[in-house]
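Engineer: Quick one: this structure, given as structure tokens, is what I'll be asking you about.
No lab work stands behind these numbers, since they all come straight from the coordinates. Predicted model, so just to flag it, every value in this text is computed and none were measured. Cβ placement follows ideal geometry from the backbone for every residue including glycine, while neighbour counts extend to all protein chains displayed.
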Amino acid sequence: MLSQEYQFKHDYSELITAFQAAFPHISPPDYQWFFHWLEKYSVLMIKEATETLGKHRQKDRFTPDSTGKAISAILRQEALKRAIASVRTPGGAR
């Protein structure tokens, strides 16, 4: 069984690599952003949010802090979409 520290190092390294691929011109957000995301979301979801933001047409104007905020917003939006899709409405429709 992997230790929590080892798992965090592995996940953090994977996310930093994804961030640098999406945003080679800026530094990654502070590690606290990553810690917050990893508490709530899977590594795959965070990587997908990073890749989505990396396709933004104005990404050259982003800063480390603005990318942290934007990735958080994407993650919340996607979680809300999944939650809504999973709830049955009256009448049985989704």
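Engineer: What is the dipole size for the chain, taken about its Cα centre, with +1 at each Lys and Arg Cβ and -1 at each Asp and Glu Cβ, in debye to the nearest 20?
Structural biologist: 560
Engineer: Taking the Cα-to-Cβ direction at Arg61 and at His25 and moving 7 Å from each Cα, how far apart do the two end points lie in nm?
Structural biologist: Each label point lies 7 Å from its Cα, and together they span 1.2 nm.
Engineer: Using a 7 Å offset from the Cα along the Cα-to-Cβ direction at both Lys9 and Lys40, what is the distance between the two label points in nm, to one decimal?
Structural biologist: 2.8
Engineer: Expressed as a rounded percentage, what relative contact order does the chain have, with Cα pairs under 8 Å and six or more residues apart?
Structural biologist: About 28 percent, as a whole number.
Engineer: Suppose R0 equals 22 Å; then what is the FRET efficiency for Glu51 and Ser86 from their Cβ-Cβ distance, rounded to the nearest 0.05?
Structural biologist: It comes out at approximately 0.40.
Engineer: What list of ³J(HN,Hα) values in whole Hz, one per residue of segment 5-22 in order, does the Karplus curve 6.51 cos²θ - 1.76 cosθ + 1.60 (θ = phi - 60°) give from phi, with Gly and Pro shown as x?
Structural biologist: Running phi through 6.51 cos²θ - 1.76 cosθ + 1.60 with θ = phi - 60° gives 5, 4, 4, 4, 4, 4, 5, 4, 4, 5, 6, 5, 4, 5, 5, 5, 5, 7 Hz.
Engineer: Provide the per-residue ³J(HN,Hα) series for segment 78-89, in order, calculated from phi with Karplus coefficients 6.51, -1.76, 1.60 and θ = phi - 60°, each as a whole number of Hz, with x at glycine and proline positions.
Structural biologist: Here the 3J(HN,Hα) series is 5, 5, 5, 4, 5, 5, 5, 5, 8, 9, 7, 9 Hz.
Engineer: From the residues Ala70, Val87, Phe19, which one has its Cα farthest along the dipole of the chain in the positive direction, the dipole being from +1 and -1 charges on Cβ of Lys/Arg and Asp/Glu about the Cα centre?
Structural biologist: Projecting each Cα onto the dipole axis, the largest value belongs to Val87.
Engineer: Two decimals is fine: what is log10 I(q)/I(0) at q = 0.15, 0.18, 0.19, 0.20 Å⁻¹ for the chain, from a Debye sum with one equal scatterer on every Cα and no solvent?
Structural biologist: -0.61, -0.80, -0.86, -0.93
Engineer: Could you run the Karplus curve 6.51 cos²θ - 1.76 cosθ + 1.60 with θ = phi - 60° over segment 31-47 and give me ³J(HN,Hα) per residue in whole Hz, x for Gly and Pro?
Structural biologist: 4, 5, 4, 4, 4, 4, 4, 5, 6, 10, 10, 6, 4, 4, 5, 5, 4
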